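Inspection log for the structure reproduced underneath, given as structure tokens.
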Amino acid sequence: METAPLGPLTVSRLALGAMLMGGKTPVDEAHRMLDRFVDAGGTLVDTADVYGDGTSERVLAPWLARRRDRVVLATKVRHEVSDPPGSGLAPDRIRAACDASLRRLGTDVIDLYQVHAPDPDVPLEESLEALDGLVRGGKVRALGASNFPGWLLAWAVALQDRHGWSPFVALQAQYSLVERSIELDALPFCRAAGLGIIPWGPLGAGFLTGRYRRDEAMPAGSRMAEAEDDLEEAPARRAIERNFRVIDEAEAIAADHGATVPQVAIAWLLGVEGVTAPIVGPRTYEQLEDLIGAADLTLSAEEHERLAAPAPPPELYPQRMLQEQVGLDRLTGPLRRP
């Protein structure tokens, strides 16, 4: 599997998400999946303190005890957990949450510590300074943000630059063939500023598995069948005609390559300038085996365009105007001084 730089880190072009480990994925199978991922050349393993209220991190601990030197370990802080109790990005809570994650993971350093979402109740400078302290203290090697809008990410990076604090090196954001909103602001900013993109939901919360069909009921037990209206995989958001046209193209391209629809969807992301490592979050070993194959699939420019055509990002001002008049969408960067 190919690798890519991510700040001071070097990571595999695919990341393995551990959100389901210890929940829908039994512990023994989770460890088998982790072994398979690493043996295939994967290095980046992503979790969060909120996944199973610490369960995912605890499941990783015994496996990390024997393979810690083979992985780049990422986790997150922000949402409500029981240890430390509460939620948010107040400085004391960031420090306590980091210590709790280190304890659950059974390690002395987190390679990539990510802010899971913004906290509107805490001054941004206070959170960023606390995160910098974790790096200076040797508990964290690099920092990332997740689910930040482009304007807030740019503000945070500017503050880090101004104060000499440890910078964000990556944005973990939802990005797939059926959810491309980050192409309007966050992706261009990351290209210009030299941050990597780590897409979550690269299969559109399961839609890009190809198991959903037009005018058919959602399969029983599927994520979309169980999704409430406020979730990303809600049928009203995903099971729409333009997204089914993406599936049509993906199925045709998959047939040409002897591949699967999920492999094609991941390969499309790997071909986007600025994307570092999509996070695959399989529930089973068999699903992981299929997704690993995406790392070996290369799409042509024509295939990339065919997949992108049916479900483009929304047209908004001023992005549309600047793309048409000054070619702002062609910016690949970086424009930020080291």
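The values are calculated or read from the model by the stated rules, or taken from the named source; none is laboratory data. Every value quoted in this text rests on a predicted model; they were computed, and no experiment measured them. Note that we place each Cβ from the backbone using ideal geometry, even for glycine, and neighbour counts take in every protein chain shown. Accessible surface areas use protein heavy atoms only, side chains included; no ligands, DNA or RNA. Shrake-Rupley method; radii C 1.70, N 1.55, O 1.52, S 1.80 Å.
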Taking 8 Å as the Cα distance limit and 6 or more residues as the minimum spacing, I'd like the relative contact order of the chain as a percentage. 18
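Which order do GLU249, GLU303 take when ranked by solvent-accessible area (1.4 Å probe, heavy atoms of all protein chains), largest first? Mind dumping the intermediate values first?
Details: GLU249 55, GLU303 20 Å².
Greatest to least solvent exposure: GLU249, GLU303.
Per DSSP H run of at least 4 residues, take -39500 (n - 2.57); add these up for the chain, divide by its residues and hand me the 222 nm value, nearest 500 deg cm²/dmol. Please report the intermediate quantities before stating the final value.
Working: 13 runs with 135 residues, N = 338.
That calculation yields -12000 deg cm²/dmol at 222 nm.
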Would you mind telling me the antiparallel percentage of the DSSP bridges in region 51-159, rounded to 5? 20
Using 0.36 nm per residue, how much length does the chain from GLU305 to GLU251 gain when fully extended, once their Cα-Cα distance is taken away? 18.0 nm
Projected label distance in nm at ARG136 and GLN325, using a 7 Å step from Cα toward the beta-carbon: 4.4
Enumerate the calculated ³J(HN,Hα) couplings along region 285-294 in order (Karplus 6.51 cos²θ - 1.76 cosθ + 1.60, θ = phi - 60°), each rounded to whole Hz, writing x wherever the residue is Gly or Pro. 4, 5, 5, 4, 4, 5, 5, 4, x, 5
1/(1 + (r/R0)^6) with r = Cβ-Cβ of LEU316 and ALA96, R0 = 30 Å, i.e. FRET efficiency to nearest 0.05, evaluates to 0.15
Between ARG66 and ASP296, the two model label points (7 Å from Cα along the beta-carbon direction) sit apart by a distance in nm of 2.6
Pick out, in residue order, every one of the GluC sites (Glu not before Pro) in region 1-80 that is DSSP loop and has at most 15 other C-beta atoms within 10 Å; say none if there are none. GLU2, GLU80
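Rounded to the nearest percent, how much of the accessible area of the chain (1.4 Å probe, protein heavy atoms only) is carbon and sulfur? Spell out each step's value before the answer.
Details: 7450 of 14860 Å².
C and S atoms contribute 50 percent here.
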Placing +1 on each Lys and Arg Cβ and -1 on each Asp and Glu Cβ in the chain, then taking the dipole about the Cα centre, the residue among PRO85, PRO219, VAL135 whose Cα reaches farthest towards the positive end is VAL135
From the protein chains alone at 1.4 Å, what is the descending order of accessible area for LYS139, LYS24, largest first? LYS24, LYS139
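Roll a 1.4 Å probe over the protein chains and send me the accessible area per residue for the chain in Å².
I get 44 Å² per residue for this part.
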Once Lys and Arg are counted +1 and Asp and Glu -1 for all other residues with Cβ under 12 Å from that of HIS304, the total becomes -4
Quote the charge dipole size of the chain about the Cα centre in Debye, to the nearest 20; the model charges only the Cβ of Lys and Arg (+1) and of Asp and Glu (-1). 820
How big is the charge dipole of region 79-202 about its Cα centre, in debye rounded to the nearest 20, if each Lys and Arg gets +1 on its Cβ and each Asp and Glu gets -1 on its Cβ? 340
Separation in nanometres of the label points that stand 7 Å from Cα toward Cβ, at ARG211 and GLU226: 1.1
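Arrange the residues ARG211, ARG242 by how much accessible surface each exposes, largest first, with a 1.4 angstrom probe.
ARG211, ARG242
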